[in-house]
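Read the structure below first, then the notes.
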Amino acid sequence: MKRKKIKIITIASIVVMIVTAVLSYHIEARSQKLPAVVRSEKVVISTEASGTVKQYFVSSMQEVQAGDKIVQLENSRLPFKLQTLKKEREKYEALILSNQSGDHLKMELFELEKKILKNTTDLRKAELELNSTSEKLVVTKSKFDSSKKQYTAQKKLYNKNLISAEEFEKETNDYLETLIRFNEIKNDSLLVFKEMETIQSILSLQKEEKYILNNNGSILASKYLIDLDKVTAEISDLEQEIENMTITSPINGIVTDIRNRPGEKVKNGDAIAEISDMGKIWVIAFGNSYSSQKIKVGNKAIIHCGNGKKIKGEVATVSPVMEKVKALSSSFETVNTYAKIEIVLDDQKLALENFTPGERLFVRVSLK
């Protein structure tokens, strides 16, 4: 009886082994085991201001939540510039208030009257100088005309050898001196005349400005309001730039890359960190040409985790071209080309409990 029982157990064990072998062969024949890597959607964090890296609040592979501080930049120029702009804003606010009360308008008119009086005095001086220069010009022109006639006559005599070279040279020098003096006074007259034109133009503008201030003081306030709006906008932009010196995480995830070190300078738009979105992970399997032909979108897949767990998934895409892959794991390094097969996970939460982005593992994909 005992021998019979042992014989039954032995036969049953053999049957189980045969069935297991058949099932294993069946599975092997209808699926393919492929090396794979876990991927996640990555967000590259870039700076929105220029400055120097002061400190990082996180380290590589640290989990962060949306809104957590990632890095602090500093730029000593910005606070000083902000302070200067705020003082300028206060000045314009005071000017507008003063203008509305009439005090500043009176001061503007007083200063304008001083300028008008000075330019009027300068204009009178220029007129006197022009009169004096004009009188000199009349006298000098008369001398020049006389000298020119004398020079012309002496030149004819010299050409006929009726006077000596010394006499003609003396006459020539006298003529040239008269000509130079005449041109000097003529240029002085032109300069004084242009100066008068300039002063008259300035006086005309100042008188128009005085008329406007006397008849419509609100125009001055409007001018300062425009200046105030401009400074206020600059302050707002600068405050936003200062706020951007503190960079936070836009998503929940894992810090997978830190690009800089404290003390390094960065420009606006520089990539400063990288975060993997842990809510969006998938698996990329690497197959051969046979895989690309037999594996189709929708085929089932089993991901074999490093802890022994098995996660279900489904083929989402199969690359139509073969790509070079540097290395898939420490024991699977090659320069061959592979077809990338993207596998989406049935249960994201379960997957996150058993593997992390960047992890290398194996998957078995159905060939149905």
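Below, the figures for the structure above:
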quantity: Residue-count net charge about VAL71 - beta-carbon cut-off 10 Å; Lys, Arg +1, Asp, Glu -1; calculated: +3
quantity: Net charge over other residues, Cβ less than 11 angstrom from the Cβ of LEU123 (K, R count +1; D, E count -1); calculated: -2
quantity: Protection proxy ranking, peptides 131-144, 283-296, average beta carbon neighbours within 10 Å, highest first; calculated: 283-296, 131-144
quantity: Cut-off under 5 Å, modelled amide H: who pairs with ILE45 long-range; calculated: ILE272, ALA273, GLU274, ILE275
quantity: Relative contact order [Cα under 8 Å, 6+ residues apart], region 253-368, whole percent; calculated: 30 percent
quantity: Surrounding net charge for VAL231, when Lys and Arg each add one and Asp and Glu each subtract one, Cβ distance under 15 Å; calculated: -1
quantity: Karplus (6.51, -1.76, 1.60) ³J(HN,Hα), θ = phi - 60°, over region 296-304, in Hz, Gly and Pro reported as x; calculated: 10, 4, x, 4, 6, 9, 10, 8, 8
quantity: Value of relative contact order over region 84-236, rounded to a whole percent, pairs C-alpha under 8 Å and six or more apart; calculated: 46 percent
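Read the figures in this text as sums done on the coordinates, not as results from a lab. Predicted model, so just to flag it, every value in this text is computed and none were measured. For neighbour counting, all protein chains shown are included, and Cβ atoms are generated from backbone atoms with ideal geometry for every residue, glycine included.
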